[in-house]
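Data block below; observations after.
The values are calculated or read from the model by the stated rules, or taken from the named source; none is laboratory data. All values derive from a computational prediction rather than experimental measurement. Here the Cβ positions follow ideal geometry from the backbone for every residue, glycine too, while neighbour counts run over all protein chains shown. Ligands, DNA and RNA are stripped out before the accessible areas are found, and what is left, the full protein with its side chains, is counted by its heavy atoms. Shrake-Rupley method; radii C 1.70, N 1.55, O 1.52, S 1.80 Å.
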Amino acid sequence: MKTYIQAILAGATLALAACGSPSGQPRNNGTDTTATDSALGPVETKAANSDYKPAFAGQTRIAGVKTKTPYEGTVLTDKLDAPWGITNLPDGRLLITEKKGVMRIATTAGQLSAPITGLPKVNDAGQGGLLGVRVDPDFATNRIVYWVFSEPLPEGNLTAVGKGKLSADEKSIEGATVIYRATPAYKGTLHYGGRILFDKDGNLVISTGERSDLETRPQAQHLNSALGKVLRITKDGKPAAGNPFEGQKDARPEIYSYGHRNVQGLAFHPETGDLWEAEFGPRGGDELNHIVAGKNYGWPTITYGIEYKGDKVGEGIQQKEGLEQPVYYWDPVLSPSGMTFYSGKNIPEWKNNLFICGLSSIHIARLVIENNKVVGEEMLLAKEEQRFRDVVEGLDGNLYAVTDNGRLYSIHKK
């Protein structure tokens with residue numbers, strides 16, 4: 001099944017469902033390819049949840065932009081089962097995790113492999129399951145795969161990192177082992193984080209959540225806890241050399257940054273090499289952050305969101321000395337999940353733009369970033385009414401995205 005979507009969106013006129021998990025059918029979205037040089041209003045037009053003011057101009061509701069190059073989205077398959085993570089194999093195929101605990105390989109034509117088994121047991125309740133995935137930089141010779149998952153233990157669940165070898169017949173993971181556990185465990189099923197990247201030195205960068213509840217939330221600020229952090233570890237699960245808290249008493253040496261709520265987006269800028277992340281706020285206050293080693297990103301002390309029932313979070317402050325401001329925030333929420341920078345040549349105007357999957361917002365956000373500031377935003381594929389979970393740039397220069405409803409999309413020049 002294929003669907004072609006002419007996805008040139010005039011952001012200021014869009015109205016999107018703010019929540020839920022729709023299961024709309026594929027449709028043609030029209031063929032408006034008119035380019036405009038006039039400034040567009042912000043793509044978000046709904047009322048904010050709070051009356052909080054941004055710390056600087058352009059921190060939220062930046063002017064809209066509109067892709068001028070005609071492009072389309074193609075549904076390659078809708079047969080995936082709650083896919084969560086997607087990454088490239090060296091031959092251009094895609095390795096995809098499914099929340100219940102298996103992986104699949106997909107071709108860029110949408111052909112799916114049988115389930116790849118042999119992974120450790122996951123707790124797929126709530127927001128848990130088999131999460132982010134990456135292959136070893138030397139995969140072509142060692143066939144090693146790394147993944148993040150919610151591991152059930154007697155004392156509770158936690159975010160764990162696994163490692164194993166993809167069998168020659170591509171049917172199983174051999175020698176699967178857990179190389180890292182983000183302790184403490186907790187008897188809850190929310191906010192695992194779950195993204196994984198390789199940095200330029202061959203170390204793993206992992207995101208965790210603070211497990212959501214009031215009981216665990218403060219641990220995002222605790223350097224003796226792995227909750228609510230960005231972590232940097234070796235391929236064997238040890239703290240990577242040169243981390244900011246290395247040798248510091250009562251601090252975990254694997255911590256790279258802290259004060260995070262629930263990070264489901266991680267990406268390195270293709271030219272600067274800088275690390276960026278996107279994380280869920282509560283009701284409002286989803287954040288995009290430029291990550292610097294050792295910095296504190298504020299949760300739950302400062303936030304642009306409010307509690308789901310409408311109360312202030314903590315003291316209800318948005319700024320405090322020593323705590324980092326988000327580069328950008330959303331209110332109402334984007335519900336940001338996987339993200340990637342675009343470095344391909346197929347659509348030149350997208351070069352170095354950031355693409356972030358939106359869940360409750362049911363679109364992919366395209367952000368134009370200059371000098372570490374967001375200068376434009378566009379909503380892509382909103383009419384598909386899909387909860388976009390992860391996106392990657394393929395080896396062919398197209399974007400590939402998966403949705404909670406089981407679809408794999410190719411996004412490419414028309």
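Odds and ends about this structure:
- In the range 383-414, residue surrounded by the fewest Cβ atoms within 10 Å (Cβ to Cβ) [restricted to those that are part of a loop (DSSP other than H, G, I, E, B) and of a type in the set (Asp, Glu)]: ASP396
- Filtered by the rule that a residue be polar (S, T, N, Q) and open to solvent by 60 Å² or more (accessible area, probe 1.4 Å), the range 315-341 gives a lone residue, GLN319.
- Some residue of the range 189-201 being buried (at least 23 other Cβ atoms within 10 Å of the Cβ), of a type in the set (Phe, Trp, Tyr) and touching a residue at least 60 places away in the same chain (Cβ under 8 Å): yes
- Hits in the range 356-385 (condition: under 21 Å from PRO70 (Cα atoms) and touching a Ser or Thr at 6+ places or on another chain (Cβ under 6 Å)): CYS357
- Residues in the range 302-314 that are open to solvent by 60 Å² or more (accessible area, probe 1.4 Å) and either free of Cβ contacts under 8 Å to residues at least 12 places away in the same chain or touching a Lys or Arg at 6+ places or on another chain (Cβ under 8 Å) (or both): TYR308, LYS309, ASP311, LYS312.
- If you filter the range 77-115 down to residues that are in a loop (DSSP other than H, G, I, E, B) and within 14 Å of VAL145 (Cα to Cα), you find that the one that is most open to solvent (accessible area, probe 1.4 Å) is PRO90.
- In a residue-by-residue description of the range 143-164, the property of being closer than 23 Å to ARG261 by Cβ, of a type in the set (D, E, K, R), open to solvent by less than 50 Å² (accessible area, probe 1.4 Å) and at pLDDT 95 or above applies to at least one position.
- Filter pass, GLY376 being of a type outside the set (S, T, N, Q), open to solvent by less than 30 Å² (accessible area, probe 1.4 Å), more than 22 Å from HIS290 (Cα to Cα) and outside any helix (DSSP H, G or I): no
- Residue match in the range 341-357 (condition: at pLDDT below 95, in contact with a strand residue (DSSP E or B) (Cβ under 7 Å, 6 or more places away or on another chain) and either farther than 24 Å from ASP78 by Cβ or of a type in the set (Phe, Trp, Tyr) (or both)): yes
- Residues of the range 342-373 that are assigned to a strand (DSSP E or B) and either of a type in the set (D, E, K, R) or crowded, with 21+ Cβ neighbours inside 10 Å (or both): LEU354, PHE355, ILE356, CYS357, GLY358, ILE364, ALA365, ARG366, LEU367, GLU370, LYS373.
- Taken residue by residue, the range 63-76 has at least one member that is polar (S, T, N, Q), at pLDDT 95 or above and over 28 Å from TYR304 (Cβ atoms).
- Residue that is most open to solvent (accessible area, probe 1.4 Å) [pool: residues in the range 212-252 that are part of a helix (DSSP H, G or I) and within 14 Å of LYS295 (Cβ to Cβ)]: GLN221
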